[in-house]
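The structure appears below as structure tokens.
The values are calculated or read from the model by the stated rules, or taken from the named source; none is laboratory data. Everything numeric here is computed off the predicted structure, so don't read it as measured data. Glycine also receives a Cβ, built like all others from the backbone with ideal geometry; neighbour counts cover every protein chain displayed.
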2 protein chains.
Amino acid sequence: MFTSATIDRELEASVVFKFESFQKVGAFKARGATNAVLSLTEDAASRGVIAHSSGNHGAAVAYAATIRGIECTVFMPTGAPRIKIDAVEGYGARIVLVDRPVLAESTHAAAAESGATFIHPYENVDVMAGQGTAAMELLDDHPDLDFLICPVGGGGLISGSIVAASELAPHLVVIGAEPERVDDAYRSLRTGIHQPAVLPADSIADGLLTVLGEKAFDILRASHTEIVTVSEAQIVDAALFHLQRMKTLVEPSGAAPLAALRRLGSVVAGANVGVIVSGGNTDLDWLPE
Amino acid sequence: MFTSATIDRELEASVVFKFESFQKVGAFKARGATNAVLSLTEDAASRGVIAHSSGNHGAAVAYAATIRGIECTVFMPTGAPRIKIDAVEGYGARIVLVDRPVLAESTHAAAAESGATFIHPYENVDVMAGQGTAAMELLDDHPDLDFLICPVGGGGLISGSIVAASELAPHLVVIGAEPERVDDAYRSLRTGIHQPAVLPADSIADGLLTVLGEKAFDILRASHTEIVTVSEAQIVDAALFHLQRMKTLVEPSGAAPLAALRRLGSVVAGANVGVIVSGGNTDLDWLPE
């Protein structure tokens, strides 16, 4: 748990950061994947696991498969950051690179052929429950939080957090941070109808390009969660703050919550705020000259 | 306290890192400066304090002066990293930029004129004692350390660490990490005679350009401390490891201990090693393309 006197002064709030960048595989995804892979029956586990991912979920499933001692294949989009490809490879998974539009169908075809269990990055209740343990730990240490800010991509982290908070801190308001450029979750909650993916999905926050899952949408809608959208420049500013002032490397997706917090401004004055920084796997190509 | 499974595997050792980059002002220097400034008599304090610094000590004295509510002037070398100048300014100190060769004499002249107390960055027993509290905290948590590795510049951190370790862990071997390019401490201990500064002092580890202090030399020599020198490339590799694998921003001076640890290689196999990462204030201009 980290704090920043600068942020507290800027917002006149008390802010605690949960750095999932220091988590195994450098991201919260280790939580959900481990929960899902360790929950498999012996029979299913013996046929291995398969996943598709822009990076962190792939590393997480590969890591979880190593713990369980089973085979793992990860489909990744061509153009994924080198550091993320290396990480998945480092955990001993077999990697298949395909174009992003055919990522899901290629993975499902391979799963059908091999009998391996497909571990969805977010539309999987074991994954969602696992991701919620980050918020559980934060609330164990800080039960008095008024707001909790998470990034929103597929929605596994925020929906797990909402379920955890509903038990541990029913008064807590969960806020999702989403890039303006891929604002499907914002529009889904605004219209009450699950919106399709923004295409082409394009944001510096490469971990948040995925469309909000149906399961996550149901949880978000029922909980009256708010989404705050942030610009590309606000995301970069926040990532720079984490790096230069807090001395921690955060990937752009993980910096979106700090960007959203700053946009909230006086809304959080006087409040206790928790921020989940989702991961730290990045090539640094977002650094200004 | 942080660990890295990758480093433990690489060295077959158990390594704990103390990140002073997360300290106030982003470096261990906050410890010594605070101890020295808070130890001043009321009368001395009323005339303010003055310091010279390539950056971290200046920010630390400015920070300590703010705590005590007294005036502070910091002389800095022209060409100091912008981020360090900004930090000193941010604590409300008056900054005077002069060329590095006349840094000390300009500061002393200004101190004589104003009556402000000069706070030396390392040839000051209150400063040295304050710096030693980093090792004290590390040894409180890990009393079983066999080795402790610190960077060596002026020698305040390592001499404070040696004194702390001599009380708390008499069996502990303290190792200094020094850039090959400014290896005066290495040559001083090797010859038994205090060596003059390497001129021109030039290393990417800008916090370690200062010559080893006389007081520190006496403490190092009496304790049979070893110095391991490291190349510029080894320092950059270590800083990259801290950034990419441990997700923490470390300045090159702060990465020198990890570089030295890797050079020690099999010497530390099976041992418990503590590493003091001295600071995290850097412009990132050492990042490879």
Cβ pairs under 6 Å, 6+ apart or interchain, first in segment B:24-42 and on the phi > 0 side of the Ramachandran plot, second not β-branched (Val, Ile, Thr), ordered by first then second residue, are B:Val25/B:Ala59; B:Val25/B:Ala60; B:Val25/B:Tyr63; B:Gly26/B:Gly279; B:Gly26/B:Gly280; B:Gly26/B:Asn281
Of the conditions (1) among the hydroxyl-bearing types (Ser, Thr, Tyr); (2) under 25 Å from B:Val173 (Cβ atoms); (3) surrounded by fewer than 17 Cβ atoms within 10 Å (Cβ to Cβ), the single one that B:Ser106 does not satisfy is (2)
Review point. In this structure, does B:Pro143 turn out to be surrounded by fewer than 16 Cβ atoms within 10 Å (Cβ to Cβ) and at pLDDT below 95?
Key: no
Filtering helices (runs of 4 or more DSSP H) wholly in segment B:6-90 for at least 3 residues that are within 14 Å of another protein chain (Cβ to nearest Cβ) gives B:56-68, B:82-90
From the option list A:Asp237, A:Asp202, A:Asp140, A:Asp144, single residue qualifying as among the acidic types (Asp, Glu) and within 18 Å of the chain's Cα centre (by Cα) is A:Asp202
Within segment A:174-196, the residues that are closer than 15 Å to A:Ser159 by Cβ, among the aliphatic types (A, V, I, L, M) and outside any helix (DSSP H, G or I) are A:Val174, A:Ile175, A:Ala177
The residue from B:Val277, B:Val230 that alone is within 14 Å of chain A (Cβ to nearest Cβ), in contact with a strand residue (DSSP E or B) (Cβ under 7 Å, 6 or more places away or on another chain) and not polar (S, T, N, Q) is B:Val277
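If you check A:Leu249, A:Leu261, which single one turns out to be at pLDDT 95 or above, under 27 Å from B:Asp86 (Cα atoms), under 18 Å from the mean Cα position of the chain (by Cα) and facing another protein chain (nearest Cβ under 10 Å)?
A:Leu249
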